[in-house]
Amino acid sequence: MTPDQVNLVQQSFAKVAPISEIAAVLFYDRLFETAPQVRSMFPADMTEQRRKLMATLAVVVNGLSNLESILRVASALATRHVAYGAKPEHYPVVGAALLWTLEKGLGDGWTPDVAAAWTAAYGMLSGFMISQVYGRPQAAE
Ligand code: HEM
């Protein structure tokens, strides 16, 4: 990600922050519509889950300007997700629902540059998380 892209992600996320509860509802509705098979992995009551998701996204988005600060958070998050049953192939589905949500939430603010910046940010985060827990599958030891 370029420094400009980091700025775009942070500025656009700040615009969604005031409607974060609505954004989280939109996100999970979209996720469960596009990937109904993952619904049973989540609790019936999604209230707390929505809050945790938006809080963690805020930490990650703020941390993009100091990547080392979020590696530990992202690594621990990846490890917990193995226990939740998340598989590598789920990450692109979650990413698509996230980008869709941002597009709806930002309206005219969802420009091609903003879209490219979020695609890069999610690709980096999910790529790192996947490599942390599923990386080097062919390692000899
Ligand atoms: C970068 C992508 C993702 C982010 C930022 C993220 C964020 C979170 C957060 C903050 C939580 C709250 C619990 C915790 O902190 O451990 C959570 C829980 C969860 N996530 Fe994710 N997640 C991501 C990807 C995924 C994927 C790909 C799946 C696969 C379907 C998934 C499924 C779940 C499930 C099942 C829970 C636990 C629900 C529960 O039992 O309480 N997540 N996620």
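Here are a few things to note about the model shown:
- Between ALA44 and ARG72, residue separation times 0.36 nm minus the direct Cα-Cα distance comes to 7.2 nm.
- Formal net charge of residues neighbouring LEU106 (Cβ-Cβ distance under 13 Å; K, R +1; D, E -1): -1
- Shape category assigned to the chain from the gyration tensor of Cα positions, a/c cut at 1.5: oblate
- Panel order for ARG51, ARG30, ARG80, by other beta carbons found within 10 Å of each beta carbon, from fewest to most: ARG80, ARG51, ARG30.
- Residue-averaged [θ]222 nm for the chain, counting only DSSP H segments that reach four residues, each worth -39500 (n - 2.57): -24500 deg cm²/dmol
- Approximate spin-label separation VAL82-ALA115, in nm, with each point projected 7 Å along Cα-to-Cβ: 3.6
Each value in this text was obtained by applying a stated rule to the coordinates, not by laboratory testing. Bear in mind that the values here come from a model prediction, so they are computed numbers and not experimental data. As a convention, Cβ positions derive from the backbone with ideal geometry for all residues, glycine included, and neighbour counts pool all protein chains shown.
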